[in-house]
Amino acid sequence: MWTITVVKSLFLLLRTLPMHAVRLLVFTAIAAGLGAASLAGAWFGHQLGLLIGLPDPAADATVAGLGGLLLAASLVAARRDRLLHSVHARTLALLVDGIDGKPAPAGPAQLGQAAAAVTARFGTEAELFALDRLIRGVTGPAAAIADDLGGSVLALPGIARIASGSLVERAVLAQSYRARPENAWEAAHDALVLYVQNARPVLTAAGWITLVGWLVTAGAFLALLGPASAIAPLWPGDGQAGGWILAALAALGLRSALIEPFAFACLMQAFLRITAGQEPSPEWRGRLTQLCDRFRQLGERAIRWSPMSGAGA
């Protein structure tokens, strides 16, 4: 099963190369921006340390560099809604269509098709972001109350999210795209019920896929240490620390651009196999409604949704 999943996932990435070329450009630019912010912070900290006579300007440079990195990362996080709509959801749409055997145009036309599909299915950036936040707000509590996770470490608060990264949330969002009813909010509602019905196998698959993804990311980090050391002298004081930070940023950019879509394609195939032939359980829908406020909100948005408005009011 895993061999087939991996081979098909590689094929899906090759099939959607234009989208992944865009992802590589986007996340390379983000990594470069974060690196520049970190470098600027390092120079500021180093010069400030020299100016006021601090005992270790090199350490000050590293601390200030990390501060610049965190500031820039917070600015990127503030635009997560735009990244979700223009990059992540479009990738998701193309990969899901590929899993379902739907044709996709070659070349740049593929990007236009993905953009149209995401807008038609989810609406505006704000609507998609609101749906994504509600999904993320349900998956953690859902794992904690799932019957097949009773006594498991995966049921502990936050552990399921750490184990799966964001893969489960993306699988649920993908299912809300893939189901293609009139109402994406209702489809997400159903997908969350299917997830909690199968929490152990879904989280186990997500955990292994996430682990492999991080191992590949670690390998990329080690491979990038050499090139990063070439520009490490630009880092004031301790150039070695700068090399490590820059290599880590490059590896994380590569992870976001290519490794994460591959991991998602693997988990989505596993999710579809695990839930094949199942219907959302009314019992679990009721339990989630009773125990999870975000699930109730998602249901309310699904009820209020209308084709005229495109989303819940």
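The values are calculated or read from the model by the stated rules, or taken from the named source; none is laboratory data. For clarity, every value in this text was computed on a predicted model and none was experimentally measured. Quick reminder, even Gly has a Cβ in these numbers, built from the backbone with ideal geometry, and neighbours come from all protein chains shown. Note: accessible area is taken over every heavy atom of the protein model, side chains too, but ligands, DNA and RNA are not part of it. Shrake-Rupley method; radii C 1.70, N 1.55, O 1.52, S 1.80 Å.
Of the residues in the stretch 233-276, how many are outside any helix (DSSP H, G or I) and either free of Cβ contacts under 8 Å to residues at least 24 places away in the same chain or open to solvent by less than 20 Å² (accessible area, probe 1.4 Å) (or both)?
Residues in the stretch 233-276 being outside any helix (DSSP H, G or I) and either free of Cβ contacts under 8 Å to residues at least 24 places away in the same chain or open to solvent by less than 20 Å² (accessible area, probe 1.4 Å) (or both): 4 in total.
Candidates are the residues of the stretch 188-204 that are assigned to a helix (DSSP H, G or I) and open to solvent by 10 Å² or more (accessible area, probe 1.4 Å); the one that is farthest from Trp284 (Cα to Cα) is Thr204.
Which residues, taken from the stretch 121-131, are open to solvent by less than 20 Å² (accessible area, probe 1.4 Å) and either part of a loop (DSSP other than H, G, I, E, B) or free of Cβ contacts under 8 Å to residues at least 40 places away in the same chain (or both)? Give the derivation first.
First, the residues of the stretch 121-131 that are open to solvent by less than 20 Å² (accessible area, probe 1.4 Å): 122-123, 128, 130-131.
Passing the criteria: only Gly123.
Residue-level check: of (1) at pLDDT 90 or above; (2) out of contact with any Phe, Trp or Tyr (no Cβ under 9 Å at 6 or more places or on another chain), Leu192 misses just (2).
Across the stretch 102-120, a minimum of one residue is classified as touching a residue at least 24 places away in the same chain (Cβ under 8 Å), under 22 Å from Trp305 (Cα atoms), in contact with a Lys or Arg (Cβ under 7 Å, 6 or more places away or on another chain) and in a helix (DSSP H, G or I).
Applying the criterion of being among the hydrophobic types (A, V, I, L, M, F, W, C) and open to solvent by 10 Å² or more (accessible area, probe 1.4 Å) to the residues of the stretch 93-115, the residue that is nearest to Gln269 (Cα to Cα) is Ile99. Considering the stretch 49-69, the residues that are without any contact (Cβ under 8 Å) to a residue 24 or more places away in the chain and under 11 Å from Pro236 (Cβ atoms) include one that is surrounded by the most Cβ atoms within 10 Å (Cβ to Cβ), namely Ala64.
Could you tell me whether any residue of the stretch 17-30 is out of contact with any Cys (no Cβ under 8 Å at 6 or more places or on another chain), part of a helix (DSSP H, G or I) and more than 30 Å from Gly98 (Cβ to Cβ)? No, the stretch 17-30 contains no residue that is out of contact with any Cys (no Cβ under 8 Å at 6 or more places or on another chain), part of a helix (DSSP H, G or I) and more than 30 Å from Gly98 (Cβ to Cβ).
Evaluate the following for Arg301: is it buried (at least 19 other Cβ atoms within 10 Å of the Cβ), at pLDDT below 90 and charged (D, E, K, R)? Spell out the reasoning first.
On the way: buried (at least 19 other Cβ atoms within 10 Å of the Cβ): yes; at pLDDT below 90: yes; charged (D, E, K, R): yes.
In short, yes.
Need at least 2 residues that are closer than 17 Å to Ser176 by Cα per element, so show me which helices (runs of 4 or more DSSP H) inside the stretch 41-101 make the cut, counting only ones lying wholly within it. Where helices (runs of 4 or more DSSP H) fall fully within the stretch 41-101 and carry at least 2 residues being closer than 17 Å to Ser176 by Cα, they are 89-99.
Of the residues making up the stretch 48-61, one or more are modelled with pLDDT under 80 and of a type in the set (Val, Ile, Thr).
Here is a check on your reading of the model: is Glu279 modelled with pLDDT under 90, open to solvent by 30 Å² or more (accessible area, probe 1.4 Å) and either outside any loop (DSSP other than H, G, I, E, B) or at negative phi (or both)? Break it down into steps so the answer makes sense when it comes.
Numbers: modelled with pLDDT under 90: no; open to solvent by 30 Å² or more (accessible area, probe 1.4 Å): yes; either outside any loop (DSSP other than H, G, I, E, B) or at negative phi (or both): yes.
The answer is no for Glu279.
Among the residues making up the stretch 103-117, those that are modelled with pLDDT of 90 or more and not small (Gly, Ala, Ser) are Gln110, Leu111, Gln113.
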